[in-house]
1. Using alpha carbons only, how many angstrom separate the centre of the stretch 132-204 from the centre of the stretch 41-85?
2. Under a 1.4 Å probe, what is the accessible area of the stretch 1-128 per residue, stated in Å²?
3. Provide the net charge surrounding residue 202, with neighbours chosen by a C-beta distance below 9 Å and charges set as Lys +1, Arg +1, Asp -1, Glu -1.
4. Kindly flag which residue pairs out of 318/352; 319/377; 167/308; 17/423 have an alpha-carbon separation exceeding 24 Å in this structure.
5. Of the heavy-atom accessible surface of the chain (probe 1.4 angstrom), what whole percent is carbon and sulfur?
6. In what sequence, highest mean first, do 99-105, 161-167 appear when ranked by Cβ atoms within 10 angstrom?
7. For residue 408, tell me the accessible area in Å² from a 1.4 Å probe, rounded to the nearest 10.
8. Taking the chain as a Gaussian network, Cα atoms linked when under 10 Å apart, which of 186, 210, 154 shows the biggest mean-square fluctuation?
Amino acid sequence: MKKYKRENGTCQNLSEKEAQQLAKEGKAIIWFDGGMHASEKAHAQMTPELLYRIAAEESDEMKKIRDNVITIIVPVINPDGLDIEGAWYRKNLGTMYETSGPPILYQEYVGHDNNRDWFMGNMPETQAVMKVLYTEWYPQIVYNHHQAAPAWARIFIPPFRSPVNMKIHPGVTTGVNLVGTAIANRFAMKKMPGAVSQTTYEMWWNGGMRTAPYYHNQIGILTETAHTSPTPRFYPPDSIPKMIGGRMSSDGTEIFYPYPWKGGESHFRDAVDYMLEASMATLDLASEKYDELLYNIYEMGKDAIDDKEGAFAYVIPKKQWDKGEAVNLVNVFMRGGIEVEEATANFTIGDKEYEAGSYIMYGAQSFRPYLSDLMEKQKYPDLYLYPGGPPVTPYDLTGWTLPMSMGVDVDRIATSFTAKTKKSWSRYKNACG
Ligand SMILES: [Zn+2]
């Protein structure tokens, strides 16, 4: 295998033609997980079936998927939680508490929400997944299954609603829309109504299982599928709400809810079917566009490296009020796949002298969006329902600047400088010479 020279965070002597050729020869890598929120119980029924079908089904569609896609599946990403939820359900089956939730946490140390750790990586579970996503497999699509849909929809699928964080490459945002639209189209043609988009969830916040990948040039997909319990439920057709998720009319006139669900019986199996079809739509798209997905993630990484408006580097001076926390900050970035170097001699930038032992994170990295988003201040847009009206409620956090929240001094350096360094850690050791 040819070795490429590593310089400034990338394999520098890879030509565009070689990158295109490698993309053609490769396979797209697509990630699926389910069950992080253990109360969302249908995932564990779906993932084994998806695995089995991928391994055993002999349809033309599946053969093409096997030829062009490497699928990574985490069947249950929070198995301890599922045990708790399953035991509670079985204990209460046949009583009035059958569909209730257990009065204990399904994630012993974090509880709910264990889907808020993806920018810090505090939990060993998060760290294990980050390692696969950002330092080992680099999937082009990260599909994070959730439940449940807004009331009376069958499933929420992307596109998400605005705003989108401007650090995210537009290739990611439009890639998310592309996958969401492929899922919507499959539901329409399979006569599976009730897929709604553009409610609740947006693309601003960094820190969820499907959002942190955006800052790594990965297409993060979240869907929320109705029906979390093995107990069936009947939805009276004459009780359909006028609005779905507070945003979409249920009368069939919405572009992003064109095929409304009309109510009736709802079963656990329906949830499994909707999640399976959504997963299959994603795999089918990936099998058609595997080379494009591979080339695009290369191109987006290259754009991040070449970004002339971004910082040249972020420097964490050795002298800190809280040295331990500075080291913690470095570890957060390394978990997220950021290249970190340590100065081996004193160096100066402008008038400021930095001691040996200071940490340097150069901006020219393929994961620059992650680095700059966590290092710099967020500027959440001013959004109001109407002029003079109340603000539009953000879905989640609007700011998370780590140097501020952790109390670590970090200097953003705009212009180039030289320093003698050694690698603190590198994820390029196998790809580049
Ligand atoms: Zn969830």
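1. 18
2. Per residue, the stretch 1-128 has an accessible area of 56 Å².
3. Counting the neighbours of residue 202, the net charge comes to 0.
4. Table pairs above 24 Å Cα-Cα are 17/423.
5. Using a 1.4 Å probe with all protein chains present, the chain comes out at 55 percent carbon and sulfur.
6. 161-167, 99-105
7. Per-residue accessible area (residue 408): approximately 10 Å².
8. Highest fluctuation among the options: 186.
The values are calculated or read from the model by the stated rules, or taken from the named source; none is laboratory data. If you're wondering where the values come from, they're calculated on a predicted model, not measured in any experiment. For neighbour counting, all protein chains shown are included, and Cβ atoms are generated from backbone atoms with ideal geometry for every residue, glycine included. Protein only, heavy atoms only, side chains kept; ligands, DNA and RNA dropped before computing areas. Shrake-Rupley method; radii C 1.70, N 1.55, O 1.52, S 1.80 Å.
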